[in-house]
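I have placed the structure first, in the form of structure tokens, so that the comments after it can refer back to it.
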Amino acid sequence: MRLNELTIKQAGDGLKKKEFSSVEITKACFEQIEKTDDKIKSFITLTKDLALKQAKEADQAGDFSRPLAGVPAAIKDCFCTKGVKTTAASKILENYVPPFSATSVEKLEANNYVMLGKVNLDEFTMGSSTENSGFFPTKNPWDLSRVPGGSSGGSAAAVAADQCLYALGTDTGGSIREPASFCGLVGLKVTYGRVSRFGVLSYASSFDTIGPITKTVEDAALVLNAIAGADPKDSTTPPVAVPDYAADLKKDIKGLKIGVPKEFFVAGIDKEVEKTIKTAIAKLAELGAKIVDVSLPLTKYAIATYYILVKSEASANLARYDGVRFGFSARAENLLENYLQSRQTGFGQEVKRSIMMGTYTLSAGYYDAYYLKAAKVRTLIKQEYEKVFKKVDCLAAPAAPTMAFKLGEKMEDPLQMYLADIFTGPINIAGVPAISLPCGFALPQDGQIEMPVGLQLIGKHFDEATILRVAHNYEQATDWHKRKPIL
Ligand code: GLN
């Protein structure tokens, strides 16, 4: 096995035993990037000098007791990284170099990690395919004619192509789970507030979460251990204790109650995806879990609720990009013209659509009918999840209604693109944690190459530990996570 193909756990074990060095793993990653990134296009910025410096430092320190020490990662380009260009894949921030780093990045640094570079996304994380990047689309390593999912498409593609050992992404409505599902990886969306959002460019502040995309469930637990916890710089991170998420993975799942919400198997779901998910659920039963049919009837309102709320928040969050304080400036004749022109040229289509939708749903006269109503439905959906979690320990469902779709397929129809979040958006409304993990491969109707399918496990508030345990048990009983794309 080449060093760039290792999991975090394998790399950590090898580093401890001095079988190889961090510099060697880091170089193997850059070799793979050089070999494959012309085709895949995961990276916006490579930080080779910095990476080799960090790797050398980790080797010199020689302390690999912390599992992430010396292990190379890719960071989604919406995480501020001190002194390293951070664009959110937007022209409006094309040359923005932040003077500080996100808390999650600082926490990885405190673990002596290695940053290979910054990876592509849908502009300001708005999208489900990475085609909304202001620079270029990223391709799915399993089939280059398909999208890697989004918005953390660069993160997922880089991990799937073994350009890095893991990546950080963000998930506001599915942006970690959908790309993980499309690329055959593990993607963890944490409880809202579990990981500090400080220093991550906002989409919808009351929905945004931060988490890892990894090759295995254990790796996801290891990254979560490093980044979770309260942060004085983010008042939405409560002082809930951070358990060792890797400690109880091996405990079996006998007698655990897993709910299957019938609303997640509706018209519109790909037949192959449905079949694969049902087989995976049968496997969970075989492993000793008790499968229970449950119902979440408000699910049908989730996408509408989600989009009204996130676009409202986005319109407010994006007001700061005024062409004066940072990023691109049109340098127009007068201030008003400068605002208008900077935003007109700096933002892409989906971002402008968001600002217009959100400004509309927040405006006097429409606020009550849209924003306020959606905010109330949000509470009802949350309550519905609280109720169902009185009966079950977690839920099992598909992560996405389809396998990775073709590039260009949904670009002309934003509503079709929004529907890619049909099974992930509701979870962000409820604020609970969820994980996507590979549970099989199937042939899409329009393809010749088998594509990965992702199983989604949904947990109670701040109970990442249970879904990680269920996921790990499933993973260890199957081989899906061992398959690699042919590059
Ligand atoms: N596709 C969804 C949206 O555009 C989700 C994106 C995300 O999770 N960041 O809102």
Report summary line: CD proxy, 222 nm, the chain: helix-only mean residue ellipticity via -39,500 (n - 2.57) per DSSP H run with n ≥ 4, per residue, nearest 500, stands at -11000 deg cm²/dmol
Query raised in the report: Once Rh is set to the Kirkwood radius over Cα pairs, what Stokes-Einstein translational diffusion coefficient, in µm²/s, holds for segment 187-314 at a temperature of 10 °C and a viscosity of 1.306 mPa s?
Result: 90
Report summary line: Output ordering of 338-350, 475-487, 306-318 (per-residue mean of other Cβ within 10 Å, highest first) is 306-318, 338-350, 475-487
Query - Set of aspartates and glutamates near LYS275 by C-alpha distance (under 17 Å), chain-local residues within fewer than 8 positions excluded - result: GLU263, GLU286, ASP293, GLU450
Query raised in the report: With the Cα gyration tensor of segment 374-487 giving a ≥ b ≥ c as the square roots of its eigenvalues, does the rule (a/c under 1.5 for rounded; else a/b larger than b/c for prolate; else oblate) give rounded, prolate or oblate?
Result: oblate
Query raised in the report: In terms of the Cα gyration tensor, with a ≥ b ≥ c the square roots of its eigenvalues, is segment 270-337 rounded because a/c is under 1.5, prolate because a/b exceeds b/c, or oblate?
Result: prolate
Query raised in the report: Stretch THR359-VAL324 to full length: gain in nm at 0.36 nm per residue minus the Cα-Cα span?
Result: 10.5 nm
Query raised in the report: What order, most packed first, do the peptides 284-292, 99-107, 171-179 have when packing is the mean number of other Cβ atoms within 10 Å of each residue?
Result: 171-179, 99-107, 284-292
Requested in this report: Rounded to whole Hz and in sequence order, give me ³J(HN,Hα) for segment 362-367 from the Karplus expression 6.51 cos²θ - 1.76 cosθ + 1.60, θ = phi - 60°, writing x for Gly and Pro.
Outcome: 9, 6, 3, x, 10, 3
Query raised in the report: Expressed as a rounded percentage, what relative contact order does segment 165-217 have, with Cα pairs under 8 Å and six or more residues apart?
Result: 51
Query - Cα-based reach from LYS254 at 18 Å (exclusive), listing lysines while leaving out same-chain residues under 8 positions away - result: LYS283, LYS290, LYS391
**Report entry** Per-pair calculated FRET efficiency, R0 = 45 Å: GLU109 and ASP446 via Cβ, rounded to 0.05
**Finding:** 0.55
Report summary line: When every protein chain stays in place and a 1.4 Å probe is rolled, TYR113, TYR360 sorted by accessible area with the largest first are TYR360, TYR113
Query raised in the report: Hey, what do the phi angles of segment 262-270 turn into as Karplus ³J(HN,Hα) couplings, whole Hz, using 6.51/-1.76/1.60 and θ = phi - 60°, x for Gly and Pro?
Result: 5, 5, 9, 10, 10, 3, x, 7, 4
Query raised in the report: So which of LYS250/LYS271; LYS48/LYS215; LYS91/LYS139; LYS76/LYS373; LYS9/LYS56 end up more than 30 Å apart by C-alpha?
Result: LYS250/LYS271; LYS76/LYS373
Query raised in the report: Rounded, prolate or oblate: which one fits the chain, using the alpha carbon gyration tensor with axes a ≥ b ≥ c (rounded when a/c is under 1.5, else prolate when a/b beats b/c, else oblate)?
Result: rounded
Report task. Compute the relative contact order of segment 280-408 as a whole-number percentage, counting only Cα pairs closer than 8 Å that sit 6 or more residues apart in sequence. Result -> 32
Requested in this report: Please calculate how many Å² of accessible area the chain carries per residue, with a 1.4 Å probe and no DNA, RNA or ligand atoms counted.
Outcome: 38
Report summary line: Percent relative contact order for the chain, counting Cα pairs under 8 Å at least six residues apart, stands at 18
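The values are calculated or read from the model by the stated rules, or taken from the named source; none is laboratory data. From a predicted model like this one, the values you see are computed outputs, not experimental measurements. Cβ atoms come from the backbone with ideal geometry, glycine included; neighbour counts cover every protein chain shown. Surface accessibility is based on the protein's heavy atoms, side chains included, excluding ligands, DNA and RNA. Shrake-Rupley method; radii C 1.70, N 1.55, O 1.52, S 1.80 Å.
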